[in-house]
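Here is the structure we will look at, set down as structure tokens.
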Amino acid sequence: MNRKKIIYITIIALLGFTAYQAVTFFALEEDKINSVYLIPRDAIFIMEFDEPLENMETLSKSALWDHLQTNEQIHELSAKVNALDSLFQEQSDVFEMIGERDVLLSAHMIKRNDYAFLYVVDMDKLSRLGVVKNNINQLLNEDFKVTTRAYKEIEITEITDLDTYETLNIAFIKNQMIASYTHSLVEKSIDEYEDPQIGRDLQFLEIQKELKKKGLFRVYLNHKLLTDYYKVFSNEPSPIVQTLKENFNFSGFYVDEDNDRLLTAIGYSSGNEVMDALVKALDASGTGSIDATGVLPQETALYMSFGFDDFSSLHESFYGLLGETQPAVVKQYEDGKRRVEKLIEIDLERDFYSWIDDEIAFAKADFPQLSEKDGLAVAFKTKDVDDSNERLEYIESQIKKATPVKFQTVDYKGYDIHYLDIKGFFKLILGSLFEKIEKPYYTTIDEYVVFSNSPVTLKLYIDAYESENTLLTDEYYRDFIDEFSNSSNVFLYVDSNKLAHASQSYLNNESKKELKNNEIFFSQFTQLGLELKADGNHFKTKAVLHYDADYDIEALRQEEKTKDIPFSILDINKEEISKETVFNIPDIFPNDFTANSYETKFNTGKTEMKVYLKEGIPHGRYKLYYFNGELKISGRFKKGEKTGTWKAYTREGKLFHKERF
């Protein structure tokens, strides 16, 4: 959605406010509806704004906003909003009134691999004035064509851009204006008015009430539509997304920017009867520790922790509560449990559940030695290592009696690696999220029993633990984790760059291309965390996105590639690179002060220098390259001055000098 489209929508709203000043209508009897009644039921997510212009101005003063401007699409959108501001500067009071309107924006699938937006703007009494609709022709020039049509007795105004042939569809229902560049969304909105679903959903309304008027804006997720949205980006199903769809209904967050480096979202999540039973069981059980980081490697791309006071008690409570509303689901589980127990003559309560302590962790590691499909592991914290080893060895011996599978235990650096041949075991006891762990190998590391489909994965986990190369020893992770509690019911940590690399096989071609073209932009959103705590009949939820202005993925890759090259074999030309003068950057004079970046090129067409701009001044990442394409200098500007750590490299790509400004 580009800025031009937003301008058209805002112009229509402006016309309404102009009419407000021209016509006296305070005596009109109020006849209003709630804007959420007009959001079609197939909304993937909804964004809610109070005073959007004022809140966007607050966000625009942050370094995070400056980084967003380095994305071409976002920068184009911002540039046109600034142009609109200048256009109406003589009527600033009117323009500010537009910014005080409540606005909803919802996203909807329109094709299998595409989605579009619907806008709902609360115009108060203005939408009742015929002058708003009747004078659209006078507002627009000959570059646009205005037509009208009726849908269920509601007039829809169509504004067609004769250059692009895009059509903006607008309709007024009582005090609300609805608009979209997809005509079917306006029609769906009119249909929804007659029979609102999201707007009358008690779970959604409860979350919306808790978040009202909080934060810069609010975001609401409709979990039932998440898998459709996910398919826009990926060809492969996601167990996490599938779990969210099957068990959650709505999540809502209010969003704030924190200290130029964090985007925080705090809110609530609610679910179906299965999730309701789990929330109540977890609320009674209490939270668990987040300690698996002591055995997970620093190469971890994704870590999901499930915490509770005691697994056996939680398990009994959950299925007891679930049986009250979903007896068929409980029966299916119990039938599967009996089949496994009968097949190998074990007691799951005694031989497995009893030794699990207060945390179960699911992890995906991005080791260069592994394929993208490997690196998965599940770690169970034990109450007593000797007890867990004894019970698992018993299960293993029972499997050997019941099946022809022969597997000898392997010793690796003093750690025994075992094998359990029970297909679907983890899906039975933990659900579809763990179905990828089918016939697992396992070992005990510290106080955790770690399972994986790959014995090589377990060896790499052991190597990381023995060399103290775990998440717990990673200072970058520890700084981020301080934003969350020490214990929770569900905790998710994502290292976005490692996960992007590890997930390439899951992305479709268009998503891969988008990620590659905007890699520098996306790579600086380095970490994502999500925390859920049971509270009554819903989860209290906190999400944090970390923006790291100093993270330079190109420089880090170059340093990793050349770390083993000794300086002794390099021919360093002092005239070309000197510690005393290398960061003496010549003055930069861009030829377009409205651009978000300035770039010079060699006569070969390759980039020589690129720097990001703000109002024509260097502001953001600066890169200088050698003629052979190797990175020479990487640093950052802030309002025209060097800031942060600057690095210089030799022609061979070796880090030569760095300096803090």
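Solvent exposure of segment 362-405, expressed per residue, is 46 Å² of accessible area, with all protein chains present and a 1.4 angstrom probe.
Is segment 205-272 best put as rounded, prolate or oblate by its Cα gyration tensor, with a ≥ b ≥ c the root eigenvalues, rounded for a/c under 1.5, and otherwise prolate when a/b is larger than b/c, oblate when not?
Values: a/c = 2.79, a/b = 1.47, b/c = 1.89.
It comes out oblate by the Cα gyration axes.
In Å³ and rounded to a whole number, note down the convex hull volume per residue for the Cα atoms of segment 321-396.
Numbers: hull volume 12.1 nm³, N = 76.
Enclosed volume per residue, from the Cα hull, is 159 Å³.
Think of a 1.4 Å ball rolled over the protein heavy atoms: segment 547-654 then has 57 Å² of accessible area per residue.
In terms of the Cα gyration tensor, with a ≥ b ≥ c the square roots of its eigenvalues, is segment 449-510 rounded because a/c is under 1.5, prolate because a/b exceeds b/c, or oblate? List each step's numbers first, then the result.
On the way: a/c = 1.73, a/b = 1.10, b/c = 1.57.
Oblate is the answer for segment 449-510, as a/c is 1.5 or above yet b/c matches or exceeds a/b.
Using a 1.4 Å probe on the protein heavy atoms, what percent of the accessible area of segment 470-597 belongs to carbon and sulfur? Accessible surface attributable to carbon and sulfur in segment 470-597 totals 50 percent. Extent along the principal axes, Cα only, for segment 166-297: 56, 36, 32 Å, with the longest axis given first.
Residue order by solvent-accessible surface for His501, His619 is His501, His619, largest first, with ligands and nucleic acids left out and a 1.4 Å probe.
Considering only protein heavy atoms and a probe of 1.4 Å, how much of the accessible area of segment 316-386 is carbon and sulfur, as a whole percent? Display every interim value, and only then the final one.
Numbers: 1750 of 3500 Å².
With neighbouring chains kept in place, the figure for segment 316-386 is 50 percent.
Distance from the Cα centroid of segment 485-531 to that of segment 578-622 is 29 Å (rounded to whole angstrom). Solvent-accessible area assigned to carbon and sulfur over segment 149-255 amounts to 52 percent, based on a 1.4 Å probe. Based on Cα contacts under 8 Å between residues 6+ apart, segment 283-417 shows a relative contact order of 27 percent. Given the pairs Lys498/Lys579; Lys436/Lys561; Lys245/Lys383; Lys516/Lys614; Lys337/Lys400, which span a C-alpha to C-alpha distance of over 22 angstrom in this model? Too far apart for the 22 Å limit: Lys498/Lys579; Lys436/Lys561; Lys245/Lys383; Lys516/Lys614. Segment 212-258 and segment 270-305 have their alpha-carbon centroids 18 Å apart. The residues of segment 220-267 present an accessible area of 43 Å² per residue when probed at 1.4 Å with all protein chains retained.
The values are calculated or read from the model by the stated rules, or taken from the named source; none is laboratory data. Here the structure is a predicted model, which means the values were calculated and not measured. The accessibility values were calculated without ligands, DNA or RNA, using every heavy atom of the protein model including side chains. Shrake-Rupley method; radii C 1.70, N 1.55, O 1.52, S 1.80 Å.
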